[in-house]
Amino acid sequence: MKLIVMAGGSGTRLWPLSRTHYPKQFLKLSGMEKSIFQLTIERCLLLGRIEDIYLVTSKDYIHLVQGQIKELGKTLLSGNILLEPEPKNTLPAILYAVQAIRKSGDDICAVFASDHIIDQPQILADTILQAAPLASKGFVTFGITPAGPETGYGYIKPGKAVSGGFEVSAFKEKPDLDTACAYIQDGYVWNSGIFMFESEQFEKAVAQYNPAVYAAFQLPSVQERFHHTPSISVDYGLIEKMDLVYCAPLKMDWNDLGNFTTFYDKYETKQDHQGNVYFNDEIMIDCNNNMVYSEGNKAIAMIGVSNVIVVDQKDALLICHRDQTQRVKEVVSLLHERQDARADFHLTEYRPWGSFTVLENSDFYKVKRLSVLPDKRLSYQMHYHRSEHWVIVSGTAVVTIEDTEKRLNSGESIYIPAGQKHRLFNPGKLPLEVIEVQNGEYLGEDDIVRFEDDYRR
């Protein structure tokens, strides 16, 4: 069995936790030692080997993917990391993986989103293995037994019973509350977005039911395929058009973290007797059914409010009624219209050599904390518009300025004028922590001229 993991989404409905350049699947949420993406990879390893996993993601996430898999003590084959030149939704992404898989022969494929929370992974693995015979007959989807009426999920109407599940009678879009209640009364299940099929049959089905996508993926280069393919989900573009689809029921806890309402549901065990969800030491007086997710040591107090979501980050604050969480993506759209970088970037950004966090920002200066991983180095670079002053906080640094090397220890510093080539290297076995003070008339991240780079940027 081949395992396809979809890890290219940006998760705009979970802003400001999730942002374009560090989306929800890579987050390590409160109480979690591993990211949602890492947990997805571990679930796949219950069904196959690391070399059986094919990952479809954005070219912007390649170093996040490699770094988080390395944290698991694994290495994904380079040919199994499939980079989308541009986002075109799930049908083109899955077809991209299927074509890669078919180069070495046909196989049964299971498809997983990388942003699902599943607390009973063995149940998922066992159900998939038991349903594998259905995949030889046709396309298989997996349905979650509803915990209650939910308006944020699609539904599957059960039809004729078969061994291992049932035939799908109909797919239903996200309903209103009354319709969701009726669906549950009639035995409908949630559409989990987990699929299984034979690779050859999948490609034939795309050719039959969505010839525009199929035709685009006959073009010679990946760039041409994604440029010419329609942007369409696998549900709309394929599954809902097929004459026969099977559904295998999944009896387990499942959450797709699609918005802050489902986020609230995920942490129901943290609720007090008034339905408030706490993550720190928030104060709530005469409050009901609220959730506060904050970072740092800020004192947060709420009085006399109900059904409110508060997400507090160092550079962004979201306050939203619980029945309006689907509209968070509108905030992201407005930030994009204003060209506000906070739509896309956290204060901490990750690079192949480590990460940096913006501590202070003004028109003519910026203060960062750099964390350089052991045996990693930044590119040999130059800036036209800013000078930099590096202060070594911990670890040992080798600094190169205009081909001259200097070794610096904790407490020492060095100044790099604008226009001079420079590089920072961590020769040690522990992370190197550096405070960087930038001065200049322009401090954008694009003011970088690279002369050498280990990561081919």
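Enter the Cα centre distance for the pair the range 64-117 and the range 275-296, rounded to the nearest angstrom.
One Cα centre to the other: 37 Å.
Taking the Cα centre of the range 124-195 as origin and charging only Cβ (+1 Lys, Arg; -1 Asp, Glu), how large is the dipole, in debye to the nearest 20?
260 debye
Report the charge-dipole magnitude of the range 42-129 in Debye, nearest 20, computed about the Cα centre from +1 at each Lys and Arg Cβ and -1 at each Asp and Glu Cβ.
Rounded to the nearest 20 debye, it is 240 debye.
So for the chain, taking the charge dipole from beta-carbon charges (+1 Lys/Arg, -1 Asp/Glu), which of Gly165, Ala418, Ile69 sits furthest toward the positive end?
So the residue we want is Ile69.
Whole Å is fine, so just give me how far the alpha carbon centre of the range 373-432 lies from that of the range 126-153.
Here the answer is 52 Å between Cα centres.
If the cut-off is a Cα-Cα distance under 24 Å, which lysines reach Lys174, setting aside same-chain residues fewer than 8 apart in sequence?
Straight-line reach from Lys174, under 24 Å: Lys24, Lys88, Lys157, Lys160, Lys241, Lys251, Lys266, Lys329.
Would you grab the residues whose amide H sits under 5 Å from the one on Val393? Only those 5+ places off in sequence or on another chain, please, with H modelled 1.01 Å from N.
Hits under the 5 Å cutoff: Gly411, Glu433, Val434, Ile435.
Using θ = phi - 60° and the Karplus relation 6.51 cos²θ - 1.76 cosθ + 1.60, list the HN-Hα couplings for the range 258-270 in order, rounded to whole Hz, with x at every Gly or Pro.
Values per residue, Gly and Pro as x: x, 7, 6, 5, 5, 4, 4, 5, 4, 9, 5, 5, 8 Hz.
How much accessible area per residue does the range 1-91 have, counting only protein heavy atoms and a probe of 1.4 Å, in square angstrom?
Averaged over the residues of the range 1-91, the accessible area is 38 Å².
Ignoring ligands, DNA and RNA, how do Val305, Val311 rank by accessible area with a 1.4 Å probe, largest first? Provide the component values of the computation, followed by the final result.
On the way: Val305 50, Val311 0 Å².
Largest accessible area first, the list is Val305, Val311.
Taking every alpha carbon pair in the chain, what does the distance histogram look like in 10 angstrom bins from 0, in percent?
Going out from 0 Å in 10 Å bins, the chain shows 4, 18, 26, 25, 17, 8, 2, 0 percent.
Name the long-range amide H neighbours of Leu250: under 5 Å, sequence gap of 5 or more, or other chain; modelled H, no Pro or chain starts.
Amide H to amide H, under 5 Å and 5 or more residues apart or across chains, Leu250 pairs with Gly143, Ile144, Thr145.
Please compute one quarter of the surface area of the Cα convex hull for the range 1-148 and express it in square nanometres. Each step should come with its number before you reach the end.
Working: hull surface 38.4 nm².
Mean shadow area of the hull around the Cα atoms is 9.6 nm².
Could you tell me the ratio Rg/Rh of the range 131-202? Both radii from Cα atoms, Rh via Kirkwood.
With Rh from the inverse mean 1/r over Cα pairs, Rg/Rh is 1.01.
Using the Cα centre of the range 223-330 as the reference point, and only Cβ charges (+1 on K/R, -1 on D/E), how large is the resulting charge dipole? Debye, rounded to the nearest 20.
Values: 10 positive and 17 negative charges, 31 e Å.
So the dipole magnitude of the range 223-330 works out to roughly 140 debye.
The values are calculated or read from the model by the stated rules, or taken from the named source; none is laboratory data. None of the values given here were measured: they were computed from a predicted structure. Because the Cβ atoms are built from the backbone with ideal geometry, glycine has one as well, and the counts that use them run over all protein chains shown. The area values use the complete protein model at the heavy-atom level, side chains included, leaving out ligands, DNA and RNA. Shrake-Rupley method; radii C 1.70, N 1.55, O 1.52, S 1.80 Å.
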